[in-house]
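Below is one structure; the comments refer to it alone.
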Amino acid sequence: MHSFLSRALRNRSFFIGLIITLFIVFIAALSFLWTPYGIDDQQITTVGLQKPSLTYWLGTDNLGRDLFSRVMVGARNSIAVAVVAVAIGIGIGVPLGCWAAARRGFLDELLMRGNDVIFAFPALLSAVIITAIFGPGAINAIIAIGIFNIPVFARLSRGAALSLWTRDFIMAARAAGKSSARITIEHIIPNMANLLIVQATIAFALGIIQEAGLAYVGLGTQPPFPSWGRMLSEAQTMMALAPHLAIVPGLAIVITVLGLNLLGDGLRDVLDPRLSRKRD
Amino acid sequence: MFEIDKLSLSIGNVPILKQVSLSLQPGKILGIVGESGSGKSLTALSAMQLLPEGSTTSGSIKFNGQELLGAEEELMQDLRGDDMAMIFQEPMTALNPVHTIGDQISEGIILHEQIGRDEASQRTIELLHRVGLPPNQYPLSRYPHELSGGQRQRVMIAMACAQSPDLLIADEPTTALDVTLQAQILELLRSLVDEQGMGLILISHDLAVVAEMTDEIVVMRNGEVLDHGSTGAILRGLKHPYTRQLAKASSHIPTRTLPPVLTTNEKAKKATPLLQINNVSKDYPTARKSLFQPGTPFRAVDQVSFDLYPGQSLGLVGESGCGKSTLARMILALDRPSSGTISVNGVALTNANPKQLKKARRNMQVVFQDPFASFNPRHKVDRLIAEPLYLEGELSANEKSQRVINALDEVGMKPDALDKYPHEFSGGQRQRIAIARALITRPALIVADEPVSALDVSIRAQVLDLLCELREKLGLTYLFISHDLGVVRAICDEVFVMEKGKIVEHGTTEQIFDNPQSRAAKRLVDATPDLERAIANRLRSEKKNMGSNK
């Protein structure tokens with residue numbers, strides 16, 4: 001474990017990605033305890049839009065709310081949505097993929113073609129459908145993104161499991177009379193953990209973008225609770241007047257996704273040195 | 001023509017090669033022999049200047065008077081593939097799977113000779129003819145996956161010889177192939193050397209192959225040249241202790257104290273057979289001919305029947321693809337036969353209930369060929385060995401660990417191995433762990449699928465000794481699956497020869513070796529390299545050469 005950490009920290013993209021990610025998580029966690037101002041407090045005394053200043057670090061929006069506080073709380077929201085959506089994807093997708101790989105034949109075909117159908121719907125479209133049925137809200141955004149994640153993980157784990165099933169040590173486990181469910185839990189899943197971890201960080205980054213996208217069109221988190229995506233869409237009408245309203249949440253999204261992608265890239269290189277494109 | 005002088009190589013700070021010197025004349029074959037880790041492959045890679053990053057070299061490598069160490073990459077690119085070429089061990093991975101064989105061969109020709117596509121493909125056709133793949137049967141438009149291992153190795157040779165190189169390096173060119181293919185490929189290499197007058201460096205761990213092929217031999221160990229001279233003299237004289245040790249190990253036959261159990265023996269026949277195989281066949285579906293027409297199934301195993309009695313040691317031999325591994329999988333109940341029955345201790349596996357199946361499985365365990373692939377890399381040894389104990393229901397932790405320690409002890413390993421991961425062991429140690437895993441349920445039958453093919457000769461001898469010793473101590477019955485008759489000869493009493501899914505010959509090991517009847521058995525016996533025979537031939541031709549030189 002120790003050697004893993006020291007190897008990991010020597011990897012530049014892992015290191016930078018880790019720092020950015022930890023920073024965003026820290027900001028999100030801090031927002032539970034402290035924000036410079038209440039997220040709904042309108043700073044009437046200063047009247048509406050403020051440029052960034054010492055009092056309001058990132059300025060205020062058209063309603064006089066402190067932007068920095070809202071970005072902090074928005075981070076919490078984005079992370080929560082992405083984490084739960086990835087968990088749904090892994091929790092349902094991996095068992096489905098492993099099941100398909102273990103059983104093969106008709107079941108495999110059925111599951112994977114079902115997967116293709118889900119894959120054919122973009123997250124935005126399924127979110128529209130879910131919103132039409134249940135109404136808009138953060139929970140429904142989570143479900144929509146989660147459903148989008150299921151086939152991603154199902155496919156990945158099926159492919160990995162298929163190649164693992166032909167290995168000798170799986171044969172030995174079968175010769176030991178173990179059931180396919182047991183072999184999957186004991187041998188298959190631990191051996192594809194690397195792949196899953198890397199895919200999870202990437203799905204996490206995607207989840208943040210998708211959440212922002214859904215919120216942008218008004219299908220995600222509802223006002224007045226802040227969300228990066230909706231902050232962007234609200235800033236749209238005031239682009240010329242106050243560009244910082246769009247730049248701040250936009251940058252927050254870009255930096256978070258960049259951090260996660262770097263982390264995922266670095267993790268892949270560290271966990272599976274054979275895939276590494278450069279030598280350390 | 002080619003000369004390495006005091007070559008030293010280190011990667012990072014680890015010294016790999018120490019003062020290696022060797023030389024090669026045109027039209028001659030030089031063998032480099034050694035076990036894994038002896039530096040024989042890296043010597044070859046230094047000659048091609050294809051060393052991994054972070055390597056530092058000193059000494060000199062001269063090729064046609066040109067110094068290669070520290071030569072410009074441009075010069076090397078000119079030489080590689082044109083004047084010097086290389087063939088690798090694994091023909092599966094050395095060809096690009098998305099290009100046709102025709103494209104891959106002609107690519108090099110076009111690159112080095114600057115000729116047109118048509119002319120190049122004409123040359124390609126000639127080359128394929130030369131390596132024994134007539135283009136009317138094997139058109140240029142074939143992809144590597146449409147060829148067998150031996151055919152792919154022929155394509156590799158065609159690519160390497162396209163420019164009539166002065167120097168050809170073959171790194172274990174036949175290790176991944178079965179013996180009959182090995183004999184064909186070696187024959188092809190030899191005739192190419194004679195025809196084109198090139199120098200060939202043959203790297204191998206198999207002394208018999210080297211003895212048959214080479215004029216001169218270099219024995220390496222731990223990056224040093226230990227022994228060097230003409231093949232016949234070195235292998236006949238065996239002056240160097242390490243060479244002697246290698247030669248001994250490669251023709252090692254374990255000593256046994258108990259008489260063999262033969263089915264020809266009436267007494268053995270009275271016992272109940274441990275394993276009964278009755279008219280077993282296995283069909284695999286093939287691609288559909290059309291939407292409404294299913295393909296004709298491929299019959300991998302065809303109406304095989306035999307009995308195996310307790311204490312027997314039976315060899316199942318045949319070329320690759322003859323169905324022997326499929327049969328083994330069915331015996332282990334990992335695959336269902338399409339027809340016929342397999343019974344263990346009188347219980348048919350095909351319609352056994354789960355409880356009976358568990359009992360049968362406890363009675364037979366398996367050892368695989370590749371000691372690197374047969375363990376879950378994420379588990380420690382204690383858990384790996386204990387895996388089959390699952391078949392015995394719940395055991396207390398104490399009992400479990402006692403059983404594991406006993407099993408390790410039986411294969412001659414210490415309990416401190418328990419807390420390690422498989423990658424911390426060498427190939428031979430891993431194969432011991434694999435045997436421990438097979439022994440832990442106290443099985444009566446061990447099915448071994450090429451158990452020593454992936455091991456170095458000295459390790460192979462040790463593992464064979466271990467298997468033989470365990471048989472006598474624990475009263476095991478062995479079913480050995482192999483294409484290597486040398487191994488079968490060392491450990492089996494009786495042999496079944498398989499060809500195209502059928503058993504074509506059956507007899508005691510001596511009968512099959514000394515007097516093979518069927519075509520398949522004859523081919524296997526003829527193709528098996530034999531150290532003694534090879535040395536005798538080598539000495540004869542060396543004497544003749546000396547005579548003609550005078």
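Could you rank the peptides A:92-100, B:276-284 by their average count of other C-beta atoms within 10 Å per residue, with the highest value first?
Listed from highest to lowest mean packing, they are A:92-100, B:276-284.
Evaluate the charge dipole of segment B:92-174 about its Cα centre and quote only its size in Debye, nearest 20, assuming +1 on the Cβ of each Lys and Arg and -1 on the Cβ of each Asp and Glu. Don't skip to the answer; put the middle values down first.
On the way: 6 positive and 10 negative charges, 50 e Å.
Value, rounded to 20: 240 debye.
Among B:Cys161, B:Ala176, B:Tyr143, which residue has its Cα positioned farthest towards the positive end of the charge dipole of segment B:131-194, with +1 placed on the Cβ of Lys and Arg, -1 on the Cβ of Asp and Glu, and the dipole taken about the Cα centre?
Of the listed residues, the answer is B:Tyr143.
At q = 0.09, 0.15 Å⁻¹, what is the base-10 log of I(q)/I(0) for segment B:144-284 according to the Debye formula with one equal point scatterer per Cα and no solvent? Please give it to two decimals.
Values returned for q = 0.09, 0.15 Å⁻¹ are -0.48, -0.89.
Hey, which lysines would be in cross-link range of B:Lys522, C-alpha to C-alpha under 21 Å, not counting anything within fewer than 8 residues on its own chain?
Here the lysines satisfying the reach criterion relative to B:Lys522 are B:Lys324, B:Lys500, B:Lys502.
If contacts are Cα pairs under 8 angstrom and at least 6 residues apart, what is the relative contact order of chain B in percent?
Contact order relative to length: 16 percent.
Short version: ³J(HN,Hα) in whole Hz for each residue of segment B:121-132, in order, from phi by Karplus 6.51 cos²θ - 1.76 cosθ + 1.60 (θ = phi - 60°), x for Gly and Pro, what are they?
Once θ is set to phi - 60°, the couplings for segment B:121-132 become 6, 4, 4, 4, 4, 4, 4, 4, 4, 5, 8, x Hz.
Relative contact order of segment A:90-188: what whole-number percent is it, with Cα pairs under 8 angstrom and at least 6 residues apart?
40
Averaged across the residues of A:174-187, what count of C-beta atoms belonging to other chains lies within 10 Å of each residue's C-beta?
5
Identify all lysines with a Cα-Cα distance to B:Lys400 below 19 Å; exclude those on the same chain that are fewer than 8 residues away in sequence.
A:Lys178, B:Lys358, B:Lys359, B:Lys380, B:Lys414, B:Lys420
List, in order, the whole-Hz ³J(HN,Hα) value for each residue of segment B:199-206 obtained from phi through the Karplus relation with A = 6.51, B = -1.76, C = 1.60 and θ = phi - 60°; use x for Gly and Pro.
So the J values, rounded to whole Hz, are x, 10, 9, 10, 9, 7, 9, 9.
Can you check how the C-alpha radius of gyration of segment B:207-360 compares to 2.2 N^0.38 Å, as a plain ratio? Spell out each step's value before the answer.
Details: Rg = 23.9 Å, N = 154, 2.2 N^0.38 = 14.9 Å.
Compared with the compact-globule rule of thumb, segment B:207-360 sits at 1.60.
Given the peptides B:393-400, B:157-164, B:186-193, arrange them by the average over their residues of other C-beta atoms within 10 Å, most packed first. Before the final figure, lay out each step's value.
Working: B:393-400: 10.2, B:157-164: 22.2, B:186-193: 18.2.
The peptides rank, most packed first, as B:157-164, B:186-193, B:393-400.
Mind listing P(r) for the protein assembly as shown? All alpha-carbon pairs, 20 Å bins, whole percents.
12, 35, 33, 15, 4, 0
Among B:Phe88, B:Ala448, B:Ile115, which residue has its Cα furthest toward the positive end of the charge dipole of the protein assembly as shown, with +1 on Lys/Arg Cβ and -1 on Asp/Glu Cβ?
So the residue we want is B:Ala448.
Calculate, axis by axis, the spread of Cα positions in segment A:44-161 along the three principal axes, and write the results as whole Å, longest axis first.
70, 30, 17
Among the aspartates and glutamates, which have Cα under 15 Å from the Cα of B:Lys28 when same-chain residues fewer than 8 positions away are ignored?
Answer for B:Lys28, where 15 Å is the Cα cut-off: B:Glu3, B:Asp166, B:Glu187, B:Asp194, B:Glu195, B:Glu212, B:Asp215, B:Glu216, B:Glu542, listed by chain and number.
Would you please state the base-10 log of I(q)/I(0) at q = 0.18 1/Å for segment A:99-252, with intensities from the Debye formula using one equal scatterer on every alpha carbon?
The Cα Debye sum returns log10 ratios of -1.04.
So what is the relative contact order of segment A:174-272, in percent, for Cα pairs below 8 Å that sit 6 or more residues apart?
This gives 30 percent for segment A:174-272.
Give me A:Phe134, B:Phe292 sorted ascending by neighbouring Cβ count inside 10 Å, so fewest comes first.
Details: A:Phe134 11, B:Phe292 6.
Least crowded to most crowded, the residues run B:Phe292, A:Phe134.
State the percent of C-alpha pairs, over all pairs in chain A, separated by a distance greater than 31 angstrom.
Values: 15218 of 39060 pairs.
Tail fraction, whole percent: 39.
Please rank B:Glu469, B:Glu494, fewest neighbouring Cβ atoms within 10 Å first, as an exposure proxy.
B:Glu469, B:Glu494
Take the alpha carbon atoms of segment B:514-545, find their center, do the same for segment B:149-216, and report the distance between the two centers in whole angstrom.
Distance between centres, Cα-based: 18 Å.
Compute the convex hull volume of the Cα atoms of chain B, divide it by the residue count, and report the result per residue in Å³ as a whole number.
Cα-based convex hull of chain B, divided per residue, equals 189 Å³.
Every number here is computed from the coordinates shown, using simple stated rules; none is lab data. All of these numbers come straight from a predicted model, not from anything done at the bench. Methodologically, a virtual Cβ is constructed for each residue, glycine included, from the backbone with ideal geometry; neighbour enumeration extends over all protein chains shown.
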